[in-house]
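Some notes on the structure that comes next.
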């Protein structure tokens, strides 16, 4: 398509929306980047991406028209909504943010526009929730809608927007063609035209359901093998010699996707009269792993009261500055609740980014998030931070060799 025919407005400049806006701008498309947070807009304007996904030089050279003024959306004819879809405290879908974004777009929607949603939702939200809002607020129906789920993996530069096939959908064939043509400008891996908007919505949510369940399986295996006094890593290594064995490792499942999205599908299933079992069982296992990790450390310490514990990592995954739904934070809190004196550290979170060299005199160390900065720290350096002959080292991602750690006197733990 002719790039000059489209002017894009990206609504929501988080870890999904901002890289998307930059990619379109670099492809020569006129882009408006809108976010309700003026401080975020000001930060992006000087080259600072709060999510850490886009390098400063790319931001400053992108030429995006950055704004917190919703009226600017009216200048676009292709609007992409990329805002968070969290869950409530009782683990129900919270559509308030995407509904508010939809209202904002509707209030500033030019006739003839296409509105595409990227936010993860359960099947039916785009057509049954968002479309009526757009029609009501806009006061006209001279627009069409589509859905193209985000597939961003935070911190993963090898599988960015250009390298991953983009699922696209539209309310009719003409809209589908339009959506596909626009995304093909930046998605070099190509697009997959979904059969319908609901198919596209469902495809996104099951991507994360599948990963959640795969991790839940190995987490449950680690719980079993712990009871049987068998090394889980050794079992997985042996089983992995078969060509069709899928490689997953036990761990903490947090963040704003994998631990959240299954509840969207659960909601849709229950609304349709089906009570999911496997999905919820997997969620229960993964949600319980933080307390299990903490209990393993308490058991090894004997009595955690007044014991000093260094918890390394507070983000939900390595090398990203995002602490949302961080299970490492839950481990720290669970240890604190047992009476331990917990010191949390994380180089990506200002609150926890104290000078690591000055942190000493610990009885236990929990290396929970495998940041690159942490991988550079030797076992000897870790040992120098302890005050007992046989300190605990809980190495969640097995950054260090167990035998080498035990030679230095560590009591080595992992899942």
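Quick one: grab the alpha carbon gyration tensor of segment 203-249, order the square roots of its eigenvalues as a ≥ b ≥ c, and give me rounded if a/c is under 1.5, else prolate or oblate depending on whether a/b is larger than b/c. All intermediate terms of the calculation are to be shown ahead of the outcome.
Numbers: a/c = 4.36, a/b = 1.58, b/c = 2.76.
Oblate is the answer for segment 203-249, as a/c is 1.5 or above yet b/c matches or exceeds a/b.
Tell me the relative contact order for the chain as a rounded percent, counting alpha carbon contacts under 8 Å between residues six or more apart.
10 percent
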- What is the spin-label model distance, in nm, from residue 27 to residue 57 if the labels are put 7 Å beyond Cα along the C-beta direction? 2.3 nm
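What share of the DSSP beta bridges in the chain is antiparallel, in percent to the nearest 5? Mind showing how you got there, number by number?
Details: 3 of 44 bridges.
Of the beta bridges lying entirely in the chain, close to 5 percent run antiparallel.
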- Restricted to segment 94-209, the DSSP antiparallel beta bridge percent, nearest 5, is 20 percent
- Message: Testing the spin-label approximation: label points 7 Å from Cα along Cα→Cβ at residue 135 and residue 247. State their distance in nm.
- Response: 5.1 nm
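Assuming a ≥ b ≥ c are the square roots of the Cα gyration tensor eigenvalues, decide whether segment 29-183 counts as rounded (a/c under 1.5), prolate (otherwise, with a/b larger than b/c) or oblate. Walk me through the numbers on the way to the answer.
Values: a/c = 1.35, a/b = 1.28, b/c = 1.06.
Verdict is rounded for segment 29-183.
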- Message: I need 90, 322 ordered by Cβ neighbour count within 10 Å, fewest first.
- Response: 90, 322
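If each DSSP helix of 4+ residues adds -39,500 (n - 2.57) and the sum is divided by the residues in the chain, what number results at 222 nm, nearest 500 deg cm²/dmol? Provide the component values of the computation, followed by the final result.
Values: 15 runs with 154 residues, N = 415.
It comes out at -11000 deg cm²/dmol, rounded to the nearest 500.
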- Note on the structure: Rounded to the nearest 10, the angle in degrees between the Cα long axis of helix 278-287 and the longest principal axis of the Cα atoms of the chain comes to 50 degrees
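Quickly rank 340-347, 228-235 as a protection proxy: mean count of other C-beta atoms within 10 Å, highest first. Write down the numbers at each step before the final one.
Numbers: 340-347: 21.2, 228-235: 12.9.
By packing density, highest mean first, the sequence is 340-347, 228-235.
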- Note on the structure: With Cα coordinates, the longest principal axis of the chain makes an angle with the long axis of helix 289-301, in degrees rounded to 10, of 20 degrees
- Query: Taking only Cα atoms, what is the 0 to 90° angle, nearest 10, from helix 17-26's long axis to the longest principal axis of the chain?
  - Reply: 60 degrees
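Readers should treat all values here as calculations from the given coordinates under stated rules, not as data from a laboratory. This structure is a prediction, so every number in the text was calculated from the model and none was measured. We place every Cβ from the backbone using ideal geometry, glycine too, and count neighbours over all the protein chains shown.
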